[in-house]
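S.K.: The structure under discussion is supplied below as structure tokens; questions concerning it will follow.
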Number of protein chains: 2
Amino acid sequence: MSEISKEKEKSILNAARKRFAHYGFSKVTMDEIAGDVEMGKASLYYYFPTKEDLFKAVVVQEQSEFVNNIESLLRKQISAAEKLNEYVEQRLKYFRDLVNLGALSVHSVFDIKSMFKKLFEDFEAQELILLGKIIEEGKSNGEFSNDLSKDFVKIFLHILQGLRFRVVKLLNEHKADEDTYKNLECEMKIATNYLIKGISCK
Amino acid sequence: MSEISKEKEKSILNAARKRFAHYGFSKVTMDEIAGDVEMGKASLYYYFPTKEDLFKAVVVQEQSEFVNNIESLLRKQISAAEKLNEYVEQRLKYFRDLVNLGALSVHSVFDIKSMFKKLFEDFEAQELILLGKIIEEGKSNGEFSNDLSKDFVKIFLHILQGLRFRVVKLLNEHKADEDTYKNLECEMKIATNYLIKGISCK
DNA sequence: TTTTCGACTTATCAAGTAAATTAGTCGATA
DNA sequence: TATCGACTAATTTACTTGATAAGTCGAAAA
């Protein structure tokens, strides 16, 4: 694939991201995206085999951005506790983007035919690894208790997932105002800090 | 309303509870329930104005059973930490019953027209009060830190809600095996205990 | 007066269908 | 290798209908 083609692929990806972020997956047609990059619809299929694959490519892009951010976070010279806090913040930002894409609407989240199943499973595995590193670091430098349950990482992640889900549910019920997300952020941070206290060596 | 009528009402409630627990709300007809108590369908409407109201009555019954359990838990002579742990356990049992009733299927949970909206809102308020009492007790007897964020109770409850919710999602995705609930219980207990450590005076 | 019920109406839901939109294919072309 | 016009096939939507079950009402039994 030539340099020019790679550029084209990027511009398609970009147009798609904008459209999806604005209207969500189902409300965007391939014709529209093709129009944005001044191509025929058929040409898009030269680059992406299906509409779903195009969408996934957009999500994967966001995802790897997040992972990169975390990996550079890991290299920082700050305490494991601070890293956990920053992790929570970055994660929130990432999911906010996914919500915009419509990838996390109630319908897509609760759609068992969800095209993201595997994608999200892989992502969870990756998160467990990243968080595991932070926890291990905290253990080895004496910040965190050494007899920490080996399930703690998973539970911590599930708490974050659960708190966010609750909000997705509220959004669906139209019981969410502007600062529901602000509030979620607040809850996650407070919860994180009590948990950090709970796992710290006193 | 006579004594006999109160008995009839109870037997209707009972028959309804059994049917709903077995088949869920939508799969049970008023004719069936009427058959169980050897009455005509029209007679049920003498006691309960709608099918929904009958169902709600069943749920309210379970709910007040739970609240009673917790209120007697509050009177026990055990530490606040132990009370929190028992609270989590009782709460799980209560929700397991609601799931059986079909009141907590994904569809009903995510149905914004859910007939339970108000019921659940009231229940959450009640839970905040009950949990608040446990936390206050822990503060006043020196178990828990006195500078505990006043949002802690809410966050603790939201964590429990979130963890359960995650499981509802898994159930929907058919990614849940027999011991998903066992696992949920385990996660809630571990999370509870780290949080207790986090809020304890060391 | 309280309670029951048969016979009725009305609302809801599931299945099917037709029309329209859009995903995806293919052969031609530059 | 990259593009596209013209095609097909799959999905979605809106509508129809038939059936089932919710809910009403007036009469009558207790």
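S.K.: Which of the residues that make up region B:1-23 are charged (D, E, K, R) and away from DNA strand C (no atom under 13 Å from the Cβ)?
M.R.: Those that are charged (D, E, K, R) and away from DNA strand C (no atom under 13 Å from the Cβ): B:R17, B:K18, B:R19.
S.K.: Name every residue in region A:46-66 that is in a helix (DSSP H, G or I) and either within 11 Å of DNA strand C (Cβ to nearest atom) or over 18 Å from A:K117 (Cβ atoms) (or both), in order of residue number.
M.R.: Across region A:46-66, the qualifying residues are A:Y46, A:Y47, A:K51, A:E52, A:D53, A:L54, A:F55, A:Q61, A:S64, A:E65, A:F66.
S.K.: Right, something else. Conditions: (1) over 14 Å from A:N193 (Cα atoms); (2) in contact (Cβ under 8 Å) with a residue 40 or more places away in the chain. B:I199 meets all but one. Number of the miss?
M.R.: Failing condition for B:I199: (1).
S.K.: Further, regarding this structure: Of the residues that make up region A:176-184, is at least one within 11 Å of chain B (Cβ to nearest Cβ) and either within 25 Å of B:E121 (Cβ to Cβ) or surrounded by 18 or more Cβ atoms within 10 Å (Cβ to Cβ) (or both)?
M.R.: Yes, there is a match, as at least one residue in region A:176-184 is within 11 Å of chain B (Cβ to nearest Cβ) and either within 25 Å of B:E121 (Cβ to Cβ) or surrounded by 18 or more Cβ atoms within 10 Å (Cβ to Cβ) (or both).
S.K.: Scan region B:94-119 residue by residue and report those that are free of Cβ contacts under 8 Å to residues at least 40 places away in the same chain, facing chain A (nearest Cβ under 10 Å), part of a helix (DSSP H, G or I) and not basic (K, R).
M.R.: Listed by number, the list holds a single entry, B:H107.
S.K.: So which of A:S26, A:S43 is in contact with a helix residue (DSSP H, G or I) (Cβ under 8 Å, 6 or more places away or on another chain) and either in a loop (DSSP other than H, G, I, E, B) or within 11 Å of DNA strand C (Cβ to nearest atom) (or both)?
M.R.: The unique qualifying residue is A:S43.
S.K.: Output the residues belonging to region A:89-100 that are modelled with pLDDT of 95 or more and crowded, with 20+ Cβ neighbours inside 10 Å.
M.R.: The one that is modelled with pLDDT of 95 or more and crowded, with 20+ Cβ neighbours inside 10 Å: A:R91.
S.K.: Which members of region B:172-196 meet the condition of being under 20 Å from A:G198 (Cβ atoms) and over 23 Å from the mean Cα position of the chain (by Cα)?
M.R.: Residue satisfying the conditions is B:Y194 alone.
S.K.: Any residue at all in region B:101-109 that is surrounded by 14 or more Cβ atoms within 10 Å (Cβ to Cβ), at pLDDT 95 or above and under 20 Å from B:E185 (Cα atoms)?
M.R.: So far as region B:101-109 goes, no, none of its residues is surrounded by 14 or more Cβ atoms within 10 Å (Cβ to Cβ), at pLDDT 95 or above and under 20 Å from B:E185 (Cα atoms).
S.K.: A further question follows. Please determine, by comparing only the residues of region B:185-196 that are of a type outside the set (A, V, I, L, M) and touching a residue at least 60 places away in the same chain (Cβ under 8 Å), which one is nearest to the other protein chains (Cβ to nearest Cβ).
M.R.: So the residue we want is B:N193.
The values are calculated or read from the model by the stated rules, or taken from the named source; none is laboratory data. Small disclaimer: the values here were computed from a predicted structure and weren't measured. Glycine also receives a Cβ, built like all others from the backbone with ideal geometry; neighbour counts cover every protein chain displayed.
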